[in-house]
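The values are calculated or read from the model by the stated rules, or taken from the named source; none is laboratory data. Since the structure is predicted, the reported quantities are computational estimates derived from the model, not experimental observations. Here the Cβ positions follow ideal geometry from the backbone for every residue, glycine too, while neighbour counts run over all protein chains shown. Keep in mind that these areas ignore ligands, DNA and RNA; they rest on the heavy atoms of the full protein, side chains included. Shrake-Rupley method; radii C 1.70, N 1.55, O 1.52, S 1.80 Å.
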Amino acid sequence: MIWYIINLLNILIFMGVKIMKFKDLIGQMSLEEKAGLCSGKDMWHTKPVERLGIPSFMMCDGPHGLRKQDESGVSTNVDQSIDAICFPTAAATACSWDKDLLYKLGETIGEEAVAERVSIVLGPGTNIKRSPLCGRNFEYFSEDPYLAGMLSASFINGVQSKNVGTSIKHYCANNQETYRMSINAAVDERTLREIYLLPFEIAVKLSQPRTIMASYNLINDTYATENEFILNKVLRDEWGFKGVVVSDWGATNERVKGIKAGHDLEMPSSGGMNDKLIVEAVKDGSLDEKTVDETVDRILQVTMPTAENPSDATYSKEEHYQIAKDIASECAVLLKNQDNALPLKAGKVLLVGELAVVPRFQGAGSSFINCTKISTVAESLKEAGVEYEFTSGYDLDDEKPKKNLKLRKAAVELAKNFDTVIVVSGLPGSYEAEGFDRKHINLPESHNLLIEELSNVNNNINVVLTMGASVTMPWIDKVKSVLCMYLGGQAGADACVDLLLGKKNPSGKLAETFALSLDDIPSSQNFPGSRFSSEYREGLYVGYRYFNTANVPVLFPFGYGLSYTTFEYSNLKLSSSEIKDTDTLTVSVDVTNTGDVEGKEIVQLYVNDVKSTVYT
Ligand code: BGC
C-alpha cells in the first residue's frame, strides 16, 4: 500500500502535477490575499494574513553577521542596525577551504538570528569572482565554482540547523557592480552552467536553502526575476529546488511575467501595485490562478513554522567575538616568509600604517554590520606585550603625494633604527564596495611607495594586507614577509597579531588568483562591458582555468599559501585505476608535519578529463 502511494506520488510529480502542502489553507484565501502574500509588507517583513493565522516574518542582511534594522521595517539606513558581531567576510573565509568552519560560522550567525527573531539571513554570497575588479568580491567566496559551492552549502546548513533560513545570492551571473541593476550578462550556456550556475547548483542540492535571491541583472536578455530558464527550468525542474525565489531588493520587473517564470516573493513592498497586477491578470485570464496558488504554497512553506524558535533566546557577545577571532585566524594566508621572518623575533619593532589604528575589516553596502569592540593591530600588539613605536606612513583618506610625502619620509627616517618593520597596508573603503567596481587592482600609490622606500633603508619589512580582493605587489621581492588577512571581521586584528607572534600558524590558501597585472586577466577586455551588456567572451577561462591553460605567470596562484611548518605528502592511493563517469573514486594521501610547530594543511586535488571531447 505504502509502495503504491509513493509510486503514485512519483508518477504525479513526473507528470508535472504539483503536490501542494497548504492546499486547504490556500483554498480559504481570497485572490487578493494570495497576491498580497507575494510581496513584502515593508523593507524587511512579509505580510501576515491574520484571520488565517499566517504570520509575517523578518529577513535581514547577511552574510557576515546580522544587519538587522529597526523592527518597524521602514529603515534603510545601513548605519542604523542593531549591534551584532562582524565575522570575517567570504573572501577571507574561503581561504580556510574548511567546510566545518563555514558550518560553524553559519551556526553562530543562526544563533544570533534566533535571538533577534530573524527568520531569514540574506546570504551567503555565492557569485563567482569573474574579475578581481568586482566591487563586491569581498562578499563572494572564489573564482572556483566547486569551492564556492561547497562552502556556501556548509554555511547554509549551519544557519539552517538553527531553524533559521538563508537566501543564497545573487542568482545569477551577477559578477559586477557597474550597472548592476540593468546590465545584461551575455553568457554562453556551457560557461553559464559550468562556471556561474555550478556553485548555486552544488549549494541547492546539498543544503536546500529556504530561499534564493534572484539578482537585478538580465541573463541573456531576460531579467533574472522573470527568467523561465534560470528559475523554473534549471533551478526547480533540474536541481529540485523546493524553496522560495525572492527578488533582490527592488529587482522585480514585470510582475506577472515573473510569477509565471517562478519568481515567488517580491521584496521589499511595492505598495500593493504589483499585487494588483497579479489579481488583474488572473481575472482577465492571462495568468492561471493555479500558478499563483503554487507560488503561495512555496511562500507558506517558509512562512508557516514547523518548529518555533525560543522567544527568550540570547547569545554571548564575548563568546561570539572569540569565534569570530578563531575563524579569522584560520583564514589568513601567508604569502611570503623569506628567512622565516615570521613569527616575529625579539628586537625593536616599528609599526607603520594608518590601517593599524583605523582598521578596515568589513565591506560597505548591505552587508555592513554595526559592531563594537573593534580590534586593531596597534592595540592587539600592545595587549600581547609587544613594545613598538608607531607611525602612520600614509593618509587613508587623502592619497595626494604632498600629504603622504611628509608621512612617508617620517616613516622611512624612523625605519632606519629598527630591527623589524611591520607595515599594515590594504585597500581603503573608497576602493571597493557594493555599488561600484574597482578601476585597477593596485594598492594606493602612497602605500606602494611607502613599502618600496622602507625596503630601501631596512631589510626586515613585513607586510600585513587587509583588503577584499586581490592586489598587485610591485615590491614583493624587497620585503621579507606578506600576511594576507583579507577583511577579517571585527576580531581580525586580534587574530592577525596571534599569527604574527606565532601563537597560531597560518594555514589559509588563496581562493582566487593574484595576477601580475590586470591586463593578464581575460575578462578585463570585456569588463564591465557597455552600458547595456557585459559579454562573457572569456568563456570558461575564469581565474586559474585561464592562467594554467595559457601558461601565464601570476603573482600568487589559486590554492597558494605557506605555513610556519612543513608538510610531506606520501602514499597517494586511488581506490581504482579506472572508473566510469558514474563511479566514485576515493583518493587518500598521508600528510606528515615535518616541521617544529603545530600546523594545518589543506590537501588539494585537481582532476581533468585526459581525453576530453569538448575543449577544456
Ligand atoms: C543587495 C542584496 C541585499 C539587499 C537587502 C540589495 O541591494 O544587492 O545583497 O541583501 O539589498 O539589503
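Quick one: what pairs do we get from the range 468-484, first residue within 17 Å of ARG438 (Cβ to Cβ), second aromatic (Phe, Trp, Tyr), C-beta under 7 Å, 6+ apart or different chains?
The qualifying pairs are GLY468/PHE138; GLY468/TYR486; ALA469/PHE138; SER470/PHE514.
What is the number of the single condition among (1) farther than 26 Å from LYS348 by Cα; (2) open to solvent by less than 20 Å² (accessible area, probe 1.4 Å); (3) touching a helix residue (DSSP H, G or I) at 6+ places or on another chain (Cβ under 8 Å) that LYS373 does not meet?
Going through (1) farther than 26 Å from LYS348 by Cα; (2) open to solvent by less than 20 Å² (accessible area, probe 1.4 Å); (3) touching a helix residue (DSSP H, G or I) at 6+ places or on another chain (Cβ under 8 Å) one by one, LYS373 breaks only (2).
I need the strands (runs of 3 or more DSSP E) fully contained in the range 519-616, keeping only those with at least 1 residues that are touching a helix residue (DSSP H, G or I) at 6+ places or on another chain (Cβ under 9 Å) and of a type outside the set (S, T, N, Q).
533-535
Of the residues MET181, MET213, only one is within 15 Å of the ligand (Cβ to nearest atom) and not in a strand (DSSP E or B); which?
It is MET181.
For ASP264, are the conditions met, namely being in contact with a strand residue (DSSP E or B) (Cβ under 8 Å, 6 or more places away or on another chain), open to solvent by 10 Å² or more (accessible area, probe 1.4 Å) and under 21 Å from LEU218 (Cβ atoms)?
In short, no.
Taking PHE418 as the residue in question, decide whether it is assigned to a loop (DSSP other than H, G, I, E, B) and at pLDDT 95 or above.
So PHE418 passes the test.
If you scan the range 166-177, which residues turn out to be closer than 18 Å to TYR196 by Cα and either assigned to a helix (DSSP H, G or I) or of a type in the set (S, T, N, Q) (or both)?
Those that are closer than 18 Å to TYR196 by Cα and either assigned to a helix (DSSP H, G or I) or of a type in the set (S, T, N, Q) (or both): SER167, ASN174, ASN175, GLN176.
So that you can scan it fast, the table gives a plain yes or no per residue for (1) modelled with pLDDT of 95 or more; (2) away from the ligand (no atom under 16 Å from the Cβ):
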position	(1), (2)
ILE5	no, yes
VAL17	no, yes
PHE22	yes, yes
LEU25	yes, yes
LEU66	yes, no
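Looking at the range 284-342 only, could you name the residues that are in contact (Cβ under 8 Å) with a residue 60 or more places away in the chain, closer than 30 Å to ALA261 by Cβ, outside any helix (DSSP H, G or I) and of a type in the set (A, V, I, L, M)?
Of everything in the range 284-342, just one residue is in contact (Cβ under 8 Å) with a residue 60 or more places away in the chain, closer than 30 Å to ALA261 by Cβ, outside any helix (DSSP H, G or I) and of a type in the set (A, V, I, L, M), namely MET304.
State whether the residues of the range 383-402 include one that is crowded, with 21+ Cβ neighbours inside 10 Å and part of a helix (DSSP H, G or I).
no
Of the residues ALA307, ALA341, only one is among the aliphatic types (A, V, I, L, M), over 19 Å from GLY488 (Cβ atoms) and modelled with pLDDT under 95; which?
ALA307
Residue by residue through the range 438-484, note down the ones that are within 28 Å of the chain's Cα centre (by Cα) and either of a type in the set (D, E, K, R) or at pLDDT below 95 (or both).
ARG438, LYS439, GLU445
Checking LEU443 against (1) in contact (Cβ under 8 Å) with a residue 40 or more places away in the chain; (2) open to solvent by less than 10 Å² (accessible area, probe 1.4 Å); (3) part of a loop (DSSP other than H, G, I, E, B), which test does it fail?
(1)
Identify all residues within the range 225-252 that are aliphatic (A, V, I, L, M) and more than 16 Å from the ligand (Cβ to nearest atom); write none if there are none.
Passing the criteria: ILE230, LEU231, VAL234, LEU235.
Scan the range 35-42 and give yes if some residue there is at pLDDT 95 or above, within 13 Å of the ligand (Cβ to nearest atom), surrounded by 16 or more Cβ atoms within 10 Å (Cβ to Cβ) and closer than 23 Å to THR211 by Cα, otherwise no.
Yes, the range 35-42 contains a residue that is at pLDDT 95 or above, within 13 Å of the ligand (Cβ to nearest atom), surrounded by 16 or more Cβ atoms within 10 Å (Cβ to Cβ) and closer than 23 Å to THR211 by Cα.
In the range 108-165, how many are open to solvent by 10 Å² or more (accessible area, probe 1.4 Å) and outside any loop (DSSP other than H, G, I, E, B)?
Adding up the residues that qualify gives 9.
Being away from the ligand (no atom under 16 Å from the Cβ) and under 26 Å from the mean Cα position of the chain (by Cα) is the requirement here; does LYS400 meet it?
Spelling it out, it is not the case that LYS400 is away from the ligand (no atom under 16 Å from the Cβ) and under 26 Å from the mean Cα position of the chain (by Cα).
Have a look at VAL377, VAL386 and point out the one that is of a type in the set (A, V, I, L, M), over 29 Å from the mean Cα position of the chain (by Cα) and at pLDDT 95 or above.
VAL386
Here is a list of conditions, (1) more than 16 Å from the ligand (Cβ to nearest atom); (2) surrounded by fewer than 23 Cβ atoms within 10 Å (Cβ to Cβ), and ILE278 meets all of them except one; can you say which number that is?
(2)
Could you list, in sequence order, all residues of the range 85-107 that are at positive phi and either in a helix (DSSP H, G or I) or at pLDDT below 95 (or both)?
none
In the range 599-608, is there at least one residue being within 23 Å of LEU335 (Cβ to Cβ) and among the hydroxyl-bearing types (Ser, Thr, Tyr)?
yes
Count, please, the residues in the range 217-245 that happen to be farther than 25 Å from ARG537 by Cβ and either polar (S, T, N, Q) or within 22 Å of the chain's Cα centre (by Cα) (or both).
Qualifying residue count for the region: 9.
So is LEU122 of a type outside the set (Ser, Thr, Tyr) and within 12 Å of the ligand (Cβ to nearest atom) or not?
yes
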